[in-house]
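Down below is the structure, laid out as C-alpha cells.
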Amino acid sequence: MDSSPSTSRSPASEEADRERAKTCEKKKEGLGWMEWMRGWLYLAYEMLFQRITASHLPNPMPLPHLHEVTCVITGCTSGIGLQIARQLAESGAHVVMAVRNTKAAHELSQKWQSEWSGMGLPLNIEVLELDLLSLESVVRFTEAWNARSAPLHVLINNAGIFSIGEPQKFSKNGYEEHLQVNHLAPALLSLLLLPSLIRGSPSRIVNLNSIMHYVGFVDPEDMNINSGKRKFSSLAGYGSSKLAQIMFSSILHKRLPAEAGISVVCVSPGIVHTNVARDLPKWLQGAYHLIPYFIVTPQEGARSALFAATDPQVSEYCALLKSDDWPVCALISHDCRPTNASEEAHNLPTSIKVWEKTLAMIGLPADAVEKLIEGEQVQCQYGLKQD
Ligand SMILES: NC(=O)c1ccc[n+]([C@@H]2O[C@H](COP(=O)([O-])OP(=O)(O)OC[C@H]3O[C@@H](n4cnc5c(N)ncnc54)[C@H](OP(=O)(O)O)[C@@H]3O)[C@@H](O)[C@H]2O)c1
C-alpha cells in the first residue's frame with residue numbers, strides 16, 4: 001500500500017464549515033423534483049451504459065501482491081463481497097470474513113482453499129461473526145479484533161440489504177433495518193476499528209455505496225422514516241441509507257487528520273446480478289435474470305471496490321480532496337473512475353447533522369474520533385449490554 005501526502009485541515013477551514021452550516025440552516029423537506037428526475041436519469045444511464053463505460057476494465061480486476069495486507073470484509077458469503085474476499089485472498093491478503101452466517105463462510109473458505117491448492121501459498125482466510133442488525137455484535141467484533149493489537153489495512157463495508165417491497169422493519173436496537181445494516185452498523189464498525197486502522201496506516205475504509213443514493217433523502221430529525229413526515233418505502237429506506245453513508249463518510253474524511261493516514265472512500269459497484277434481488281416478486285426476478293446484458297456479474301461488480309482498496313492513486317485522490325476542502329469524500333464509480341455524488345450529498349449542513357445524529361444513534365460520544373485518534377478509550381453504549 002502507498003502513503004498519502006501529509007495535509008491537515010486548518011482551524012480556519014473548520015470554522016468555514018461551521019459558518020456554511022449556519023448560513024444554510026433553511027430546512028429542506030425532500031428532494032426537489034429536478035434532483036429526483038436527475039437521480040432516476042443517472043440510474044437509467046448507468047443501467048443502459050455500464051458495460052460500455054467500464055469496457056476498458058479487465059475482468060477479473062488484476063491486483064498487486066498483498067502479502068502484508070490485512071482486510072476485513074463484511075457480508076462476503078454472497079454476491080459482490082464473496083468476489084472481493086476471494087480475489088483479495090488469492091492475491092495474498094489476510095482476509096477476515098466478517099459475516100453473520102459463519103457456517104457458509106467456513107464452507108466457502110474451504111472450497112476456495114481446495115480450488116487454489118497447488119497455485120501458491122495456502123489462502124490466509126479467517127471467519128469471524130458479525131451481525132449488523134445488532135450493534136452489540138458490532139462492538140463485540142471490534143473489541144475482539146482490537147484486542148489483538150494487530151494492524152488493519154483495509155476495512156470493506158460491503159454487507160447491505162435492499163428489502164424490495166417489504167414493509168418497514170426495525171432492528172432490536174430500534175432502528176429501521178436498511179438504515180442500521182447499510183449505514184449505522186458500518187459507521188460504528190469503522191469508528192471502533194480506527195485504532196487498528198491507525199496501526200495499519202496507510203489504511204482505507206471502503207464503503208459499498210450505490211447510485212441509488214441519488215434518489216435518497218435524509219432528514220436528520222427522522223432518520224428512521226417513522227415520524228409520519230415521509231412515507232416509508234423500501235426504495236426510500238435503501239436510497240436514504242446510502243446517502244446517509246456518503247454524508248457520514250464525508251465528515252469522517254474531514255475529521256480524520258491527514259497524519260492518521262486513513263482514506264475514506266465510497267464506491268458504486270454498478271447494477272449487479274446478486275442476491276440483492278432475492279426479495280423481488282417472482283415475476284420481477286424472472287425479468288431481472290432476463291437482462292444479463294445490462295446487469296453485470298458479481299466479479300465485474302467487485303472491481304470498483306477492489307480498485308478502491310488497492311490502487312495507490314486512490315489515497316492520493318483522497319488526500320487531494322482533503323486539501324481542497326471538498327465537501328464530499330471520494331466516490332469511485334463502477335468503472336473505477338472518480339465520480340460526483342448527488343447534489344444532496346454536497347449539503348454540508350445536513351451532512352454535519354447526519355454525523356452528529358449517527359454518533360448519538362450508535363451510542364458514541366460526539367468527540368469519539370478525536371479521542372480514538374489520540375489513543376484514548378471510548379465507551380460505546382452498546383458495549384455495556386448483552387443481547
Ligand atoms: N447488487 C447491486 O446491484 C448493488 C448495487 C449497488 C450497491 N450494492 C451494494 O453492494 C453491497 C453488496 O450487495 P450484493 O449485491 O452483493 O448483495 P447480496 O448478494 O445480497 O450480499 C449481501 C451480503 O450482506 C450480508 N448481510 C446482509 N445482512 C447482514 C447483516 N445483518 N449482518 C451481516 N451481514 C449481512 C449478506 O449475508 P447473508 O448471506 O447472511 O444474508 C450477504 O453476504 C451492498 O452494500 C449493496 O447495497 C449492490
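The values are calculated or read from the model by the stated rules, or taken from the named source; none is laboratory data. Not measured: the values here are computed from a predicted model. Ideal geometry is used to build each Cβ from the backbone, glycine not excepted, and the neighbour counts take in all protein chains shown.
Can you tell me which of Gly160, Gly92 is among the small types (Gly, Ala, Ser) and within 30 Å of Asn224 (Cβ to Cβ)?
When all the criteria are applied, what remains is Gly160.
Among the residues of region 113-133 satisfying the criterion of being more than 16 Å from the ligand (Cβ to nearest atom) and of a type in the set (A, V, I, L, M), which is nearest to Pro186 (Cα to Cα)?
Here the answer is Leu123.
Residue check, Glu136 against (1) more than 11 Å from the ligand (Cβ to nearest atom); (2) closer than 28 Å to Pro220 by Cβ; (3) not in a helix (DSSP H, G or I), all met but one. Which one?
For Glu136, the failing item is (3).
Could you list all residues from region 160-174 that are over 13 Å from Ser240 (Cα atoms) and either of a type in the set (A, V, I, L, M) or more than 12 Å from the ligand (Cβ to nearest atom) (or both)?
Of everything in region 160-174, those that are over 13 Å from Ser240 (Cα atoms) and either of a type in the set (A, V, I, L, M) or more than 12 Å from the ligand (Cβ to nearest atom) (or both) turn out to be Ile164, Gly165, Glu166, Pro167, Gln168, Phe170, Gly174.
For region 77-100, indicate whether the set of residues that are surrounded by fewer than 24 Cβ atoms within 10 Å (Cβ to Cβ), in a strand (DSSP E or B) and either in contact (Cβ under 8 Å) with a residue 60 or more places away in the chain or out of contact with any Asp or Glu (no Cβ under 7 Å at 6 or more places or on another chain) (or both) is non-empty.
yes
I'd like to check which helices (runs of 4 or more DSSP H) are fully inside region 267-314 and have at least 3 residues that are modelled with pLDDT under 80 and either loosely packed, with under 13 Cβ neighbours inside 10 Å or within 12 Å of the ligand (Cβ to nearest atom) (or both). Please lay out each step first, then the result.
Values: elements: 282-289, 298-301, 303-310.
The qualifying helices (runs of 4 or more DSSP H) are 282-289.
Can you name every residue in region 321-366 that is closer than 22 Å to Leu191 by Cβ and among the basic types (Lys, Arg)?
Passing the criteria: Lys322, Lys353, Lys357.
Taking the conditions exactly as written (within 10 Å of the ligand (Cβ to nearest atom), among the charged types (D, E, K, R) and more than 13 Å from Ala85 (Cα to Cα)), does Glu107 satisfy them or not? I'd like the intermediate steps shown before the answer.
Details: within 10 Å of the ligand (Cβ to nearest atom): no; among the charged types (D, E, K, R): yes; more than 13 Å from Ala85 (Cα to Cα): yes.
No: the conditions fail for Glu107.
Starting from region 157-174, take each residue that is on the phi > 0 side of the Ramachandran plot and list its partners that are surrounded by fewer than 17 Cβ atoms within 10 Å (Cβ to Cβ), counting only C-beta distances under 7 angstrom and pairs at least six apart or across chains.
Qualifying pairs under 7 Å: Gly165/Asp279; Gly165/Pro281.
Looking at (1) at pLDDT below 95; (2) in a helix (DSSP H, G or I), which is the one condition that is false for Lys229?
Here Lys229 clears every test but (2).
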